[in-house]
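Notes follow the structure.
The values are calculated or read from the model by the stated rules, or taken from the named source; none is laboratory data. Note that this is a predicted model, so its numbers are computed, not measured. Cβ placement follows ideal geometry from the backbone for every residue including glycine, while neighbour counts extend to all protein chains displayed. What goes into the accessible areas is simple: the full protein's heavy atoms, side chains included, and nothing from ligands, DNA or RNA. Shrake-Rupley method; radii C 1.70, N 1.55, O 1.52, S 1.80 Å.
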Amino acid sequence: MRTMRSSRTAAITLFSAMLIAFGFNQLLIPHKMISGGVSGITMIVGYASGLNIGWLYFILNVPILIWGWRELGLRFVSWSSLSVAATTLFMQLIPVKPLVADLTLGAVFGGVVVGFGSGLALWEGASSGGFDIIAAIVTRKRDISVGMLIFLLNGTVIAALGMLTNDWDIALFSLLSIFTTGKIIDLIHIKHVKVTAFIVTTKTEELRAALIPLYRGVTVIKTRGAYTNTENDMLMTVTTRYELNQLRKIIASTDPGAFVNIVETVGVLGDFRKPSL
C-alpha cells in the first residue's frame, strides 16, 4: 500500500513538473515573460546573461529546499526536490518555442498550465520549489491562502522587473499570468479552506464516536424542530474542504437520515489543527 502511494506521488510529481516546464518553455519564455518568484528571477537573469534558465532554476532552489527541509520535514522536501530536478530536466527536453503568438493567450494559458502543475504538486504533498516552499512555510504559521501569498510574493518580482526594464507591457502580462497561476493553485490546493458542518441527528453517540478520530472538535447542541416539536441533537464541527469527502462518508454510513448543513467558514479563532502538507 505504501509502495503504491509512493508510486502515485512520484507519477503525479513528474507530471506536474512536465506541465510547469511546458508552461515555461512554450508559453512564457518565448514571449520574454516571467513567472515570478525564483523561476521569475532565473528568467530575468537568463534573458540578461544568456545562461540556461533551467539550470539557474535548479541552482537557486537548492538553498530554499534546505530551508524547507528544516521547517517542513524530509518527506515534503524530498518530493519537492524531485519536482525541481524533474522540472529542470523537462526544461532541457521541451523546446523553447511559442505555442501561441498572442501575448494575452500566452499569459493566461501559461498561468493556467503552470498553476495546474504547481497545484497538483501541492495537492500531492510536494511543491514545485521556489516561492511555493516559502508560502508553505508561512501558511503553516499564518492562516492565509497559498495561491494569493504566492501572487503577492511574485508580484513584488514583477514590479522590480517593470522598474528595472521600464517595459511595463511585458511586466503586466507577466502579472496577469501570475494572478492566473495563483487562482488555479487555490482551486486545486484546498487544504486551507475551512467549512463548518451542522449535523442534526438521532444517533448522537454513534456519530460523535465516528467523528472523533478525525481529530476535529465536535460540539453537541440541543435542538428542537419547529415543525415536529421533536428534540434532537446537532453536532457542529469545523473541518477543511480537503477532508470534507471523508466527513460525508462517515455521516452517510453512520446516519443516512441525518440533516446536514455545510457552510464555508471565513476564519477560525483558537486552536485548529491544520492538515499536514
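Brief remarks on what is shown
- Residue in the stretch 65-84 that is under 21 Å from Leu161 (Cα atoms), modelled with pLDDT of 85 or more and open to solvent by 60 Å² or more (accessible area, probe 1.4 Å) present: no
- Per-region count, the stretch 27-37, residues open to solvent by 10 Å² or more (accessible area, probe 1.4 Å) and either within 20 Å of Ala121 (Cα to Cα) or without any contact (Cβ under 8 Å) to a residue 60 or more places away in the chain (or both): 1
- Test for Ser253: is it within 23 Å of Gly111 (Cα to Cα) and at pLDDT 80 or above: no
- Test: residue in the stretch 93-114 that is over 20 Å from Phe179 (Cα atoms), of a type in the set (Val, Ile, Thr) and at pLDDT 85 or above: yes
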